[in-house]
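A short write-up of the structure that comes next.
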Number of protein chains: 2
Amino acid sequence: MSTDTLTPIDALSAIVGAAHVLTGDATDSHARDWAGEHQGTPLAVVRPGSTKEVSEVLKWANRTGTAIVPRGGGTGLTGATAAGGAVLLSMERMRAIREIRPEARVAVVEAGAILSTIHDAVAEHDLIFPLFFGARGSAMLGGALSTNAGGSNVLRYGNTRDLCLGIEAVLPDGQIVNLMSQLHKDNSGYNLRQLLVGAEGTLGVITAAVLRLYPRPRAYATAMVAARDVSAALRLLNRLKTESGGAVEAFEYMPGSYVAAHMARFPEARAPFDAPHDVNILIELGATAPRDAIPAEDGTLPIATLLETALADAFEAGEILDAVVAQSDSQRMEMWARREASAEVCLLREPLVHNDVAVPLDRMQELLDEIAAIIARLDPGAQDISVAHLGDGNLHFAVWPENPDPALHHTIHMAVEEAVVALGGSFSAEHGIGTEKLPEMQAFKDPAALAAMRAIKQALDPKGILNPGKLIPAG
Amino acid sequence: MSTDTLTPIDALSAIVGAAHVLTGDATDSHARDWAGEHQGTPLAVVRPGSTKEVSEVLKWANRTGTAIVPRGGGTGLTGATAAGGAVLLSMERMRAIREIRPEARVAVVEAGAILSTIHDAVAEHDLIFPLFFGARGSAMLGGALSTNAGGSNVLRYGNTRDLCLGIEAVLPDGQIVNLMSQLHKDNSGYNLRQLLVGAEGTLGVITAAVLRLYPRPRAYATAMVAARDVSAALRLLNRLKTESGGAVEAFEYMPGSYVAAHMARFPEARAPFDAPHDVNILIELGATAPRDAIPAEDGTLPIATLLETALADAFEAGEILDAVVAQSDSQRMEMWARREASAEVCLLREPLVHNDVAVPLDRMQELLDEIAAIIARLDPGAQDISVAHLGDGNLHFAVWPENPDPALHHTIHMAVEEAVVALGGSFSAEHGIGTEKLPEMQAFKDPAALAAMRAIKQALDPKGILNPGKLIPAG
């Protein structure tokens with residue numbers, strides 16, 4: 001009997017088992033994203049237990065013309081998993097860590113594994129999977145790959161696509177594609193892996209990946225620094241990169257207004273410095289080499305000495321105004337907690353005007369100056385709670401407007417975006433497009449690139465069943 | 001007047017100027033690859049001077065259904081620029097280095113620039129573009145990008161695709177696509193850049209790129225090491241990676257038989273050691289951080305001390321049998337000359353049975369053992385002149401067979417390839433597919449991946465005018 005004569009629910013139940021098909025109110029938690037925003041009621045939530053089952057679901061969807069929306073941990077920020085009327089394909093059951101090969105420094109992991117679970121598993125081998133961001137306790141690998149997630153350590157280790165050596169995916173027509181390479185060189189045809197990574201589930205469902213692991217730094221040197229301005233901070237970054245031979249793991253910017261908002265949200269939190277400063281930077285160096293990580297005879301840690309020396313030089317050069325080096329792991333955690341609370345701080349008030357943008361590093365000061373001018377012109381009472389992965393040129397612009405007019409909020413958003421594009425930047429640095437940035441894709445993306453994306457989507461998913469309406473504007 | 005009523009030569013002359021359209025004998029040098037192998041007589045060689053002209057040529061080719069074969073320096077090894085009957089599009093005139101931004105560590109370079117020209121230009125800023133291989137004096141950037149070239153420093157800096165932040169290309173229909181990003185994060189749609197890199201000119205003609213530059217190491221520590229076996233060498237590699245905190249720039253393997261063949265070809269060359277050894281490794285560490293590169297009070301260089309200490313430990317552990325550390329730049333150059341003469345050594349005798357393959361690092365010893373068994377079984381008198389980018393798991397298998405039977409040579413070739421694939425390896429590590437490896441693509445590549453490649457090719461080049469018959473088997 002062809003399953004196509006069955007109702008969708010029965011057909012899906014026949015593939016994954018009735019216990020793994022949810023409908024009605026039972027879909028509620030899957031239909032909400034992390035911020036609690038309801039993203040539309042799906043036809044059903046289906047929870048496959050294997051790559052084969054994913055394949056069967058997609059074949060059925062092709063036969064019946066049913067839209068399928070893949071979903072990981074629901075921590076995306078652009079509406080890429082909104083599934084009103086579609087079948088939501090939750091990867092939560094495919095969470096196995098299939099293999100860890102410490103000698104080869106690779107792990108083979110299924111798409112539904114939660115990032116922090118992967119972190120814990122590889123830590124047992126003294127290795128790290130260096131993809132760290134605030135939502136790592138909920139975000140799943142498949143979502144991180146599909147959005148090419150960034151985070152706080154891109155500076156040293158690259159984006160998710162750089163951490164992925166191989167991939168297994170199901171194409172829209174249900175074919176399973178096995179590109180589970182553990183190789184450092186493989187020039188055998190088009191790079192489908194890099195096409196699927198960052199495609200937001202529109203070209204295939206990623207079911208597993210081979211991940212690149214790194215030795216866990218034996219020691220960290222972490223500091224909060226108040227810089228004179230962002231340009232001065234970037235000079236310090238270059239100095240630290242050179243002096244440490246590439247050991248800078250993080251270089252995160254928080255303006256004074258963000259620090260103040262953080263302390264309002266978490267009254268028990270301590271201020272980073274005795275006096276408030278405008279340009280606050282969280283710096284972290286990671287020492288993997290023994291000569292950086294083994295304490296000297298006087299007990300000092302070489303990597304910490306290196307950081308302190310560089311900071312002293314920067315202080316003398318007038319580039320920085322104050323600095324605190326973490327003296328314990330709990331002090332280090334306190335510094336990170338301040339930065340990682342960004343999403344929670346943003347939720348404190350509504351509305352929020354925000355954007356995830358990137359510019360070349362040497363244009364960041366210009367961008368911040370232009371943003372300050374935009375705010376001063378359009379809504380001088382707005383409170384800036386932006387943070388930035390400064391070392392990547394990646395600003396998470398965020399303001400609480402004083403003026404309640406939604407039209408003005410849109411004007412601010414667009415003005416920032418136009419400034420970014422004019423500086424050679426990207427209107428979507430690391431969060432992706434989803435549904436939220438479709439207008440920007442249409443307005444700013446190179447038209448020939450857009451045409452090529454449409455042609456590729458049409459070629460691989462002629463019936464348009466996989467995450468329709470996401471990433472590519474209707475045009 | 002439509003150019004389509006003109007002869008091809010007149011039409012092309014109208015676009016690029018008659019002086020830049022070559023025909024007949026004048027196409028000879030373009031029609032030969034570096035080894036002097038004639039690759040078929042092209043209809044014409046056309047030398048565009050701008051991206052606009054490339055676009056016009058492709059538009060004309062689409063209107064008239066003419067095949068176009070893009071060509072750089074002609075140093076490819078797989079026949080990807082064979083152009084019998086087609087128009088050969090030589091990028092040699094588009095060789096401008098448009099911009100070098102030392103602060104941002106990027107260069108904007110046209111596809112026809114020769115690699116060593118780029119090296120020289122960025123050296124003036126104390127920076128490197130770390131794509132080094134023997135043919136760098138002839139190979140052009142566009143070819144390196146189109147084949148995702150590897151080379152001797154992939155271990156530290158990655159393949160060509162990792163060195164490319166942005167790209168400008170002309171799609172098969174003549175549309176110019178501008179993805180000249182200078183960003184470290186940009187998640188705005190499918191990664192067309194990574195699709196075009198490594199596509200061997202079948203999906204578009206790369207006309208320019210934004211390249212990632214790195215600080216020039218202030219000092220090198222270079223050594224020739226005789227290891228007990230390849231497994232022992234790989235343990236030394238891991239030790240060096242850890243001790244140096246990622247400063248290993250090269251880890252190149254030469255069997256004793258290669259060293260002997262090299263000395264036969266270059267009688268003035270010195271032997272690496274007093275006695276011959278089976279497993280010879282060229283190791284290079286590069287020090288960028290001052291603490292590694294500034295001589296100590298006793299005049300010793302920290303990076304050299306680090307290497308010598310690690311080698312002494314490996315010697316005590318029985319992993320290595322002998323070692324010579326370069327004491328001068330000329331000694332260093334001598335070590336590199338031996339390794340980089342590989343292509344010339346291979347040309348010394350005919351026929352040559354060869355292959356460019358990769359396996360996971362921890363399977364390399366197994367692969368070499370299997371190859372030795374294959375040779376012993378099929379042609380025990382064959383002389384092995386393989387070399388390997390050992391740190392990448394990339395073997396350039398090469399033997400001079402004793403038995404002259406071409407059928408046997410094919411059998412050896414296939415036996416090695418099957419061993420590679422059985423070990424989870426790739427039948428094409430860094431040289432690509434071209435025409436030579438089409439049978440392997442058909443035999444070994446994942447069928448769903450092949451189907452997706454065909455669909456993408458058809459979508460972007462429906463008339464099949466761009467480098468037809470390359471990379472994707474006819475199927």
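As a rough footprinting exposure proxy, the listed residues A:Asp278, B:Asp405 were ranked by other beta carbons within 10 Å of their own, and the order from fewest upward is B:Asp405, A:Asp278. Position A:Phe266: other-copy label points at 6.0 nm, ordered by increasing distance, label point 7 Å along Cα→C-beta. Across all directions, the shadow cast by the convex hull of the protein assembly as shown built on its C-alpha atoms averages 41.8 square nanometres.
Simple rule: put +1 on each Lys or Arg Cβ and -1 on each Asp or Glu Cβ in the stretch A:160-315, find the dipole, and look at A:Gly245, A:Pro295, A:Ser188; the Cα lying farthest toward the positive end is A:Ser188. In chain B, the DSSP beta bridges split such that about 90 percent are antiparallel, to the nearest 5. Charge dipole (Cα centre; +1 on Lys/Arg Cβ, -1 on Asp/Glu Cβ; no other charges) of the stretch A:122-231 amounts to roughly 380 debye. Need the C-alpha centroid separation for the stretch A:137-178 versus the stretch B:375-451, integer Å. Cα centroid to Cα centroid, the span is 31 Å.
For every other residue with a beta carbon closer than 12 angstrom to the beta carbon of B:Val421, add +1 if it is Lys or Arg and -1 if Asp or Glu, then tell me the sum. Walk me through the numbers before you get to the answer.
Numbers: positive: B:Arg363, B:Lys445; negative: A:Asp186, B:Glu370, B:Glu417, B:Glu418, B:Glu440, B:Asp446.
Computed value for this residue: -4.
Give me a single rounded figure for A:201-211: the average over its residues of other chain Cβ atoms within 10 Å of their Cβ. Average per residue, whole number: 1.
Cross-link reach is defined here as a Cα-Cα straight distance under 21 Å, omitting same-chain residues fewer than 8 places apart; for A:Lys445 the lysines meeting it are A:Lys437, A:Lys457, A:Lys470, B:Lys52, B:Lys185. When each of A:Glu344, A:Glu319 is scored by the number of other beta-carbon atoms lying within 10 Å, the sequence from fewest to most is A:Glu344, A:Glu319. Under a straight-distance cross-link criterion of Cα-Cα below 13 Å, which aspartates and glutamates are reachable from A:Lys59, leaving out those fewer than 8 residues away in the same chain? Within the straight-line limit of under 13 Å, A:Lys59 reaches these aspartates and glutamates: A:Asp4, A:Asp173, A:Asp461.
Sorted from fewest to most neighbouring beta carbons within 10 Å, what does the list A:Lys241, A:Lys463 look like?
The order, fewest Cβ neighbours first, is A:Lys463, A:Lys241.
Principal-axis analysis of the Cα atoms of chain B puts helix B:406-422 at an angle of about 80° to the longest axis. Taking the alpha carbon gyration tensor of the stretch A:22-79, multiplying each eigenvalue by 5 and rooting it gives semi-axes of 22, 13, 11 Å, largest first.
Could you compute the net charge surrounding B:Glu92? Neighbours are other residues with a C-beta less than 14 Å from the C-beta of B:Glu92; K and R count +1, D and E count -1. Walk me through the numbers on the way to the answer.
Numbers: positive: B:Arg47, B:Arg71, B:Arg93, B:Arg95; negative: B:Glu53, B:Glu110.
In short, +2.
DSSP finds beta bridges in the protein assembly as shown, and of those with both partners inside it, around 90 percent are antiparallel. In the stretch B:1-155 the Cα-Cα distances spread across 5 Å bins starting at 0 as 2, 9, 18, 20, 18, 13, 10, 6, 3, 1, 0 percent of all pairs. When chain B is described by a simple charge dipole with +1 on each Lys and Arg Cβ and -1 on each Asp and Glu Cβ, the residue from B:Pro267, B:Leu131, B:Val345 located farthest towards its positive end is B:Leu131. Counting every C-alpha pair in the stretch A:349-422, the share spaced more than 18 angstrom apart comes to 31%. Per-residue ellipticity at 222 nm computed for chain A from its helices equals -10000 deg cm²/dmol, with DSSP H segments shorter than 4 residues left out and the rest contributing -39,500 (n - 2.57).
Express as a percent, rounded to the nearest 5, the fraction of DSSP beta bridges in the stretch B:3-90 (both residues included) that run antiparallel.
Values: 3 of 10 bridges.
So the antiparallel bridges in the stretch B:3-90 amount to around 30 percent.
Apply the a/c threshold of 1.5 to the C-alpha gyration tensor of the stretch B:193-335 and tell me whether it is rounded, prolate or oblate. Because a/c hits 1.5 or more and a/b fails to exceed b/c, the stretch B:193-335 counts as oblate.
Percent relative contact order of chain B, based on C-alpha pairs within less than 8 angstrom and at least six residues apart? Walk me through the numbers on the way to the answer.
Values: 950 pairs, mean separation 72.3, N = 475.
Over chain B, the number comes to 15 percent.
Once divided by 2.2 N^0.38 Å, the Cα radius of gyration of the stretch B:97-215 becomes 0.98.
Label-point spacing for A:Leu6 across the identical copies (point 7 Å from Cα in the Cβ direction), in nm and ascending order: 6.4. For A:Arg101, the shell of other residues with beta-carbons less than 14 Å away shows a net charge of -1, using +1 for Lys and Arg and -1 for Asp and Glu. The share of alpha-carbon pairs in the stretch B:421-462 lying farther apart than 11 Å comes to 70%. A dipole drawn for the protein assembly as shown from +1 and -1 charges on Cβ atoms has a positive end, and of A:Leu311, B:Ser29, A:Val420 the residue lying farthest that way is B:Ser29. Across the identical copies, the label point of A:Ala26 (7 Å from Cα in the Cβ direction) is separated from its matches by 7.6 nm, in order from shortest. Return one number: the angle in degrees, 0 to 90 and rounded to the nearest 10, between the long axis of the Cα atoms of helix A:230-244 and the longest principal axis of the Cα atoms of chain A. Tilt relative to chain A: about 90 degrees.
Gyration tensor analysis over the Cα atoms of chain A returns equivalent ellipsoid semi-axes of 40, 27, 20 Å (largest first, whole Å).
Can you tell me the dipole magnitude for the protein assembly as shown around its Cα centre, using point charges on the Cβ only (Lys, Arg +1; Asp, Glu -1), in Debye to the nearest 20? Working shown, then result.
Details: 76 positive and 116 negative charges, 423 e Å.
Taking the Cα centre of the protein assembly as shown as origin, the dipole is about 2040 debye.
Please give the average number of partner chain Cβ atoms lying within 10 Å of the Cβ of each residue in A:452-460, rounded to a whole number. Walk me through the intermediate numbers first.
On the way: counts 16, 4, 2, 9, 9, 2, 2, 8, 5.
Across A:452-460, the average partner-chain Cβ count within 10 Å equals 6.
Would you work out the charge dipole size for chain B about its Cα centre, treating the Cβ of every Lys and Arg as +1 and the Cβ of every Asp and Glu as -1, and quote it to the nearest 20 debye? Walk me through the numbers before you get to the answer.
On the way: 38 positive and 58 negative charges, 336 e Å.
That gives a dipole near 1620 debye.
Note on A:Lys241: no lysines have a C-alpha under 17 Å away, same-chain residues under 8 apart excluded.
Values in this text are rule-based calculations from the coordinates and carry no lab data. Just so we're clear, the structure is a prediction, and the values are computed from it rather than from any experiment. Neighbour counts run over all protein chains shown; Cβ positions are idealised from the backbone, glycine included.
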